[in-house]
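Structure first, commentary second.
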Amino acid sequence: MSPQHDRVRRVAAGIAVASVFGLGAMGWSSTLLGEYSVMDMDGGDAGHVHGSRDSGGFPSAGVSVAGLTADPLRPADVRVELVARRQAIDIPGGRSVQGYTVNGTSPGPTIRARQGDLVEAVFINESVAAGATLHWHGIDVPNSADGVAGITQDAVPLGGRHVYRFTADDAGTYWYHSHQVSHEQVEGGLLGAVVIDPAPSAAGKPANPYETDAVALLHVYGGQHTLNGRVQDGHVTAEPGSTARIRVINSDQGTAAVWSAASVRVLATDGHEVNGPAAVDGKKVLIPAGGRLDVAVQAPAYGSARLHVGGARSISVGGPAPGEAVAGKDPAGPPARQPSETLDLLAYGAPVPAGLNTQSPDRTFDYVIGRRFGLIDGRPGNFWTINGQLFPDVPMFHVREDDVVVMRVINESAEVHPMHLHGHHVLVLSRDGTPASGSPWWVDSLDVHPGERYEIAFLADNPGIWSDHCHTLPHAVDGLVAHVMYEGITTPFTINGSRGNQPE
Amino acid sequence: MRRTYSVIAWIIAAGVVVQAASIAFALGGIGRYVQDGGVIDKALVESRQATFTGDLGFPIHGIVGGMVIPLAAVALLIVAFFVKARGARLWAAIVLGVVALQITLGYSITDMPYLGLIHGANALAVLLTAVYAALLMRRSTRNASATEPAADVTAT
């Protein structure tokens, strides 16, 4: 082989190698997000528009999310001040862990309001370096109070404050948590419970017939399963024969199971009452990550009934408290074995008109969850896809106010995804073609298991830009987040910019 | 290139040993954790904060099985095209095949736990084929050494 020939070969090889690297670098840098607005995210048409309404895309001029507020002139009925700090969390019964607190504790204080109250929460970030927000999980707040950094507000910086105002329209069990770097801050404990009591009926008697009412907030801190912040089982003192309403809040990243050897009833899912709840015997009930379940437990004639909440903790209802009992004898009896059978909420309770006509929806969307290897923001990984596309090329669900929207959520991946839509409650219509046959099943957090196909519907009655994401929060970081956008609504906020907004 | 081929094949074989060791370590750790009153549920798994002895076995099993071994198996097949030895490509292809099957089985176990039975058995197939491919080089090096002293000559 001649030296000249050899040189040509080397040059050709050099060019080839340089081209491969160059193209690779170009491809890589093309995935970098930089500063962006959700307004620019539109990975193609995900749905169908029905009837006389025109095409899915809308002109983007119009009202800013910041203008979508509760009545600014109305005085607050319930006012709280919530101070977020980065600090060690004291965990009774366990070891303390570094995390985030609200007013010095985690979970933070439970906010209690009455239906119809105007709630005003003054949020102060004392020492969370990355900034923080408060999202009112499950409460259909006005968009400006939704607390999603980079979409409805800027993350509250160190020393900053932000006021959230909303009316507590729906009675039920909810929770609040940060929606800035949420996978880290929620896991770290920047959260708390919200209970909205029903308004008294016209006759003046309380609408809540349960003598006893208790919050059971589940959270894992540094590998420790806690109930209301303690590595200890709980006890609710109740008269024999009386019924307690246990409000179980799953603030963790995965599904929690609830079960009991006693007969229980599911009173509400995600803040919506079940109509005609039947007794649940020998079955467990699952709560998706972010979801809530109100369970009625009756105190037995002697001792107490044990309700298992999550795999590790339980709460006993009745009397006396375990500490006061005869040594070595637990009045709640031994732990009950977890039933293998699961209560199907699709067919639980008595049917009643749901008040949402889904016969001829205005819009139909597909939300198909998959997974593949790729790059997001220059980071390689095995990422979640929506309708086959990687973030940020995910669909934007364009709606108009008063649209009836039907969404098909299909999970083609191998893991369960608790899908959470902000600002709305969705009605489950069917699963795998089987129509819902029980009480209307309203949720804001819905577990979609591998291979399952849910048809859900909601009324677009709360204008704004709303996240629709997986509440196993690391999944949202890995691309499982899309948005519902109302016609004519815009946001001045951006993600990844100088304000450091990172909602997931 | 023969040497590269055989080193990669040994890496795959060693990877199988690491896989068996790491999963046994992890399951042993789970047994101990549960025995001591620990609870493993979806909340703990997704929190990625499990702290029991042996929990490191799971990420090791995932990284070695999901990345190291498959990348090595692909590299083995690529290298095989530059190796002048009988059966090098065939055995590299067989190794890649059983590795692909192994990964498919591994990711499907949660859906169908019975596949775990095949996953465990197929691991031995990965080990044996990788060792065979590695030894193939030694044999062919011995045969070829008389005629072709420079082992790393590629097609020119």
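The values are calculated or read from the model by the stated rules, or taken from the named source; none is laboratory data. All figures in this text were calculated on a predicted structure; none of them were measured in a lab. Glycine also receives a Cβ, built like all others from the backbone with ideal geometry; neighbour counts cover every protein chain displayed.
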If I filter segment A:450-462 for residues that are out of contact with any strand residue (DSSP E or B) (no Cβ under 8 Å at 6 or more places or on another chain) and either among the hydroxyl-bearing types (Ser, Thr, Tyr) or under 22 Å from A:Gly34 (Cα atoms) (or both), do I get at least one hit?
no
Hey, A:Tyr176 farther than 11 Å from A:Leu82 by Cβ, under 19 Å from the mean Cα position of the chain (by Cα) and not hydrophobic (A, V, I, L, M, F, W, C) or not
no
Looking only at segment A:378-414, how many residues end up being within 14 Å of chain B (Cβ to nearest Cβ) and over 23 Å from A:Gly34 (Cα atoms)?
4
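Hey, can you tell me all the residues within segment A:30-71 that are of a type in the set (S, T, N, Q) and modelled with pLDDT under 85? Walk me through it before giving the result.
Filtering segment A:30-71 for residues of a type in the set (S, T, N, Q) gives A:30-31, A:37, A:52, A:55, A:60, A:64, A:69.
Across segment A:30-71, the qualifying residues are A:Ser30, A:Thr31, A:Ser52, A:Ser55, A:Ser60.
Does B:Glu148 count as over 23 Å from B:Ala21 (Cβ atoms), in contact with a Gly (Cβ under 7 Å, 6 or more places away or on another chain) and modelled with pLDDT under 90? Before you say what the answer is, go through the steps one by one.
Values: over 23 Å from B:Ala21 (Cβ atoms): yes; in contact with a Gly (Cβ under 7 Å, 6 or more places away or on another chain): no; modelled with pLDDT under 90: yes.
Answer is no for this residue.
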Count, please, the residues in segment A:252-271 that happen to be closer than 19 Å to A:Gly138 by Cα, at pLDDT 95 or above and away from chain B (no Cβ under 14 Å).
5
Looking at segment B:3-39 only, could you name the residues that are more than 29 Å from B:Val99 (Cβ to Cβ) and either within 14 Å of another protein chain (Cβ to nearest Cβ) or within 22 Å of the chain's Cα centre (by Cα) (or both)?
B:Tyr33, B:Val34, B:Asp36, B:Gly37, B:Gly38, B:Val39
By residue number, the members of segment A:350-370 that are touching a strand residue (DSSP E or B) at 6+ places or on another chain (Cβ under 8 Å) and at pLDDT 95 or above are A:Pro361, A:Asp362, A:Arg363, A:Thr364, A:Phe365, A:Asp366, A:Tyr367, A:Val368, A:Ile369, A:Gly370
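Name the residue that is nearest to the other protein chains (Cβ to nearest Cβ), counting only residues in segment A:445-477 that are charged (D, E, K, R) and part of a loop (DSSP other than H, G, I, E, B). Walk me through it before giving the result.
Start the filter on segment A:445-477 by keeping residues that are charged (D, E, K, R), which leaves A:447, A:452-453, A:455, A:461, A:468.
Adding the requirement that they be part of a loop (DSSP other than H, G, I, E, B) leaves A:452, A:461.
Values: A:Glu452: 13, A:Asp461: 32 Å.
Among them, the one singled out is A:Glu452.
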Whether any residue in segment A:240-258 is more than 16 Å from A:Gly290 (Cβ to Cβ) and touching a helix residue (DSSP H, G or I) at 6+ places or on another chain (Cβ under 8 Å) is what I want to check.
no
Here the qualifying pairs (Cβ atoms under 7 Å; residues six or more apart or on different chains; first in segment A:93-120 and without any contact (Cβ under 8 Å) to a residue 12 or more places away in the chain; second of a type outside the set (A, V, I, L, M) and in a loop (DSSP other than H, G, I, E, B)) come out as A:Ser96/A:Asp90
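Considering segment A:478-494 alone, what residues qualify as being outside any loop (DSSP other than H, G, I, E, B) and not polar (S, T, N, Q)? Give the derivation first.
Here is the first cut: in segment A:478-494, the ones outside any loop (DSSP other than H, G, I, E, B) are A:481-486, A:489-490.
Selection gives A:Val481, A:Ala482, A:His483, A:Val484, A:Met485, A:Tyr486, A:Ile489.
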Per the list (1) surrounded by fewer than 16 Cβ atoms within 10 Å (Cβ to Cβ); (2) within 14 Å of chain B (Cβ to nearest Cβ); (3) not β-branched (Val, Ile, Thr), residue check on A:Ala216 breaks on (1)
Does any residue in segment A:470-492 that is farther than 10 Å from A:Gly62 by Cα come within less than 6 Å, Cβ to Cβ, of a residue that is small (Gly, Ala, Ser) and part of a helix (DSSP H, G or I) six or more places away or on a different chain, and which pairs are these?
A:Cys470/A:Ala476; A:Leu473/A:Ser182
Within segment A:139-190, residues being part of a loop (DSSP other than H, G, I, E, B) and surrounded by fewer than 24 Cβ atoms within 10 Å (Cβ to Cβ) number 11
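Regarding segment A:385-393, can at least one residue be identified that is part of a strand (DSSP E or B) and under 22 Å from the mean Cα position of the chain (by Cα)? Lay out the reasoning, then the answer.
Pass one, segment A:385-393, residues part of a strand (DSSP E or B): A:385-386, A:389.
Narrowing the set further to residues that are under 22 Å from the mean Cα position of the chain (by Cα) leaves A:385-386.
Yes, segment A:385-393 has at least one match.
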Over segment B:94-111, the set of residues exposed (fewer than 15 other Cβ atoms within 10 Å of the Cβ) and more than 11 Å from every other protein chain (Cβ to nearest Cβ) is B:Ala100, B:Thr104
Filtering segment A:460-471 down to residues that are surrounded by fewer than 24 Cβ atoms within 10 Å (Cβ to Cβ) and under 28 Å from B:Arg48 (Cα atoms) yields A:Ser467
What are the residue pairs meeting all of these: first residue in segment B:40-56, first residue more than 7 Å from chain A (Cβ to nearest Cβ) and on the phi > 0 side of the Ramachandran plot, second residue in a helix (DSSP H, G or I) and among the hydrophobic types (A, V, I, L, M, F, W, C), Cβ atoms under 8 Å, and 6 or more apart or on different chains?
B:Gly54/B:Phe25; B:Gly54/B:Ala26; B:Gly54/B:Leu27; B:Gly54/B:Ile30
Members of segment A:454-474 found to be within 21 Å of A:Ala354 (Cα to Cα) and more than 18 Å from the chain's Cα centre (by Cα), listed by number:
A:Glu455, A:Leu459, A:Ala460, A:Asp461
For segment A:381-399, does any single residue satisfy the condition of being buried (at least 20 other Cβ atoms within 10 Å of the Cβ), out of contact with any Pro (no Cβ under 7 Å at 6 or more places or on another chain) and among the polar types (S, T, N, Q)?
yes
Does A:His225 fit the bill of being outside any loop (DSSP other than H, G, I, E, B), over 24 Å from A:Val443 (Cα atoms), in contact (Cβ under 8 Å) with a residue 24 or more places away in the chain and within 14 Å of chain B (Cβ to nearest Cβ)?
yes
